[in-house]
Amino acid sequence: MKIEKAEVFVTCPDRNYVILKITTESGLVGIGDATLNGREIAVSAYLENHICPQLIGKDAKNIEDIWQLLYRGAYWRRGPVTMTAIAAVDVALWDIKGKAANMPIFDLLGGSSRDGLLVYGHATGKSIDQLIDEYHKHKEMGYRALRVQASIPGIERSYGVSKDKSSTYEPATKGAIPEEENWSTEKYLSYAPKIFDAIRNKFGFDDHLLHDAHHRLTPLEAAQLGKSVEDFKLFWLEDPTPAENQESFRMIRQHTTTPIAVGEIFNSIWDCKTLIEEQLVDYIRATVCHAGGITHLRRIADFASLYQIKMGAHGPSDISPAGMAAGLHLGMWIPNFGIQEFMGYSEKMLSVFNVNWTFEDGYLHPGFKPGLGVDFIEDEAAKYLISRSFTNSSLNRRDSLELVSWV
Ligand code: KDG
Ligand code: MG
């Protein structure tokens with residue numbers, strides 16, 4: 001199964017996606033998601049200049065060996081650009097292996113550990129009333145787990161809430177440069193519990209309730225928030241504080257029993273080593289496409305399982321349907337699986353990717369087609385030119401007279 005061709009495609013069906021396509025001499029084709037939101041061109045250039053030429057002639061069967069070559073042989077290790085590029089190669093090779101074996105990827109990994117993957121959707125509102133409507137709509141769609149975000153009075157733009165009147169939140173901002181936003185920890189900490197209170201009062205405690213603090217807080221503030229919302233029994237509080245300093249989660253842990261999730265910007269096992277070994281969090285949110293592919297995320301999942309920590313992959317629309325499918329296959333196998341984020345995709349996005357997953361009663365299943373089960377429609381993709389966009393939503397300028405600090 002010698003690799004004959006490795007090509008990179010960039011497209012923008014409503015939002016930017018980068019896809020790697022690998023073809024073997026025997027004509028088998030595999031695809032992998034190489035989308036790094038807000039840094040799309042960096043990964044496509046890295047693949048084209050540094051990785052694709054190395055792949056030609058390699059045996060597509062040897063996924064682990066190719067992974068190690070790309071990781072260790074490049075001298076520079078880790079980092080989101082490198083690990084997204086490696087992930088794209090890895091997933092494309094798993095896709096090829098599945099097609100060659102006539103098996104879906106989850107079967108190659110050891111088979112299913114469950115009948116489907118519990119997913120959570122996004123309910124957001126400019127006000128608590130709008131949030132309640134959205135929550136209701138999502139329940140009707142079948143969701144059993146929902147992330148809730150609402151505008152915080154007095155903060156111009158709150159994370160996770162759409163910019164305009166609509167209730168649909170879109171993570172990417174198209175434009176020349178990222179926007180800066182204002183932030184007030186005091187306003188957020190006093191208002192957030194009211195959001196959960198309103199939801200639990202209206203809908204009870206049967207659904208799983210999640211919330212994303214999106215790296216806005218210091219460890220002490222995060223501990224205060226976790227403690228103040230314990231009665232609402234969150235499924236998790238996500239990204240309460242930035243995780244570069246993994247030890248800082250100790251303070252949160254000492255003060256609250258609210259479950260903590262982190263990791264959507266992690267790209268390797270080293271980003272979560274202390275968090276896992278010291279059981280400082282409950283869920284690791286790294287994804288297949290930003291953390292080195294199925295081969296590496298599987299390693300993280302196994303390591304986390306030793307410490308009773310579960311996986312809860314990131315899954316906004318800035319992960320392409322090909323990346324989502326890869327996460328679903330791995331999630332079917334992961335014994336310590338927790339939940340999968342699933343925002344859904346627009347019609348235009350799905351016109352570029354033929355997917356085979358099914359969503360029923362709050363659970364996703366990747367389908368039984370050999371490999372990834374996703375076809376990339378090149379002719380459709382060619383219609384949508386990439387447009388510059390940014391992911392600015394983790395950059396909030398703190399208010400008051402503090403020196404500018406980014407959280
Ligand atoms: O592009 C930014 C998104 O990936 C991010 O806002 C999504 O935090 C996010 C989440 O939990 O889905
Ligand atoms: Mg998040």
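Taken over segment 29-65, the criterion of being at pLDDT 95 or above and among the polar types (S, T, N, Q) is satisfied by THR35, SER44, ASN49, GLN54, ASN62. The numbered conditions (1) open to solvent by 30 Å² or more (accessible area, probe 1.4 Å); (2) within 15 Å of ligand 2 (Cβ to nearest atom); (3) touching a Pro at 6+ places or on another chain (Cβ under 8 Å) are all true for LEU234 except (1).
Restricting segment 53-71 to residues that are assigned to a helix (DSSP H, G or I) and more than 25 Å from the chain's Cα centre (by Cα), the residue that is surrounded by the most Cβ atoms within 10 Å (Cβ to Cβ) is LEU55. With respect to (1) in contact (Cβ under 8 Å) with a residue 24 or more places away in the chain; (2) out of contact with any helix residue (DSSP H, G or I) (no Cβ under 7 Å at 6 or more places or on another chain); (3) away from ligand 2 (no atom under 16 Å from the Cβ), the lone exception for MET332 is condition (2). Across segment 1-52, what is the number of residues that are aromatic (Phe, Trp, Tyr) and open to solvent by less than 40 Å² (accessible area, probe 1.4 Å)? Summing the residues that are aromatic (Phe, Trp, Tyr) and open to solvent by less than 40 Å² (accessible area, probe 1.4 Å) in segment 1-52 gives 1.
Every residue, every condition in (1) more than 16 Å from ligand 2 (Cβ to nearest atom); (2) of a type outside the set (D, E, K, R); (3) in contact with a His (Cβ under 8 Å, 6 or more places away or on another chain), yes or no:
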site	(1), (2), (3)
PHE266	no, yes, yes
LYS273	yes, no, no
LEU280	yes, yes, no
ALA286	no, yes, yes
PHE303	yes, yes, no
ILE309	yes, yes, no
GLY323	no, yes, no
GLY327	no, yes, no
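Going by what's in this entry, would TYR188 be described as surrounded by 14 or more Cβ atoms within 10 Å (Cβ to Cβ), in a helix (DSSP H, G or I) and assigned by TED's automatic domain parsing to the domain that holds LEU237? Here the answer is yes, as TYR188 does meet what is asked. Taken as a whole, the condition of being within 15 Å of PHE342 (Cβ to Cβ), in the same structural domain as LYS227 (by TED's automatic domain parsing) and hydrophobic (A, V, I, L, M, F, W, C) does not apply to ILE260. In this entry, THR23 is excluded by the filter for residues that are in contact (Cβ under 8 Å) with a residue 24 or more places away in the chain and not aromatic (Phe, Trp, Tyr). Residues of segment 306-337 that are closer than 30 Å to PRO13 by Cα, at pLDDT 95 or above and polar (S, T, N, Q): SER320 alone. Here the condition is being modelled with pLDDT under 95 and either out of contact with any Cys (no Cβ under 9 Å at 6 or more places or on another chain) or not assigned by TED's automatic domain parsing to the domain that holds GLY292 (or both); of GLY73, GLY116, it holds for GLY73 alone.
Counting residues in segment 285-303 that are out of contact with any strand residue (DSSP E or B) (no Cβ under 7 Å at 6 or more places or on another chain), more than 25 Å from ALA92 (Cβ to Cβ) and open to solvent by 10 Å² or more (accessible area, probe 1.4 Å) gives zero.
The values are calculated or read from the model by the stated rules, or taken from the named source; none is laboratory data. The structure displayed is predicted, hence computed values, not measured ones. Note that each Cβ is placed from the backbone with ideal geometry, even for glycine, and that neighbours are counted across all protein chains shown. To get the accessible areas, we keep the full protein, side chains included, count just its heavy atoms, and leave off ligands, DNA and RNA. Shrake-Rupley method; radii C 1.70, N 1.55, O 1.52, S 1.80 Å.
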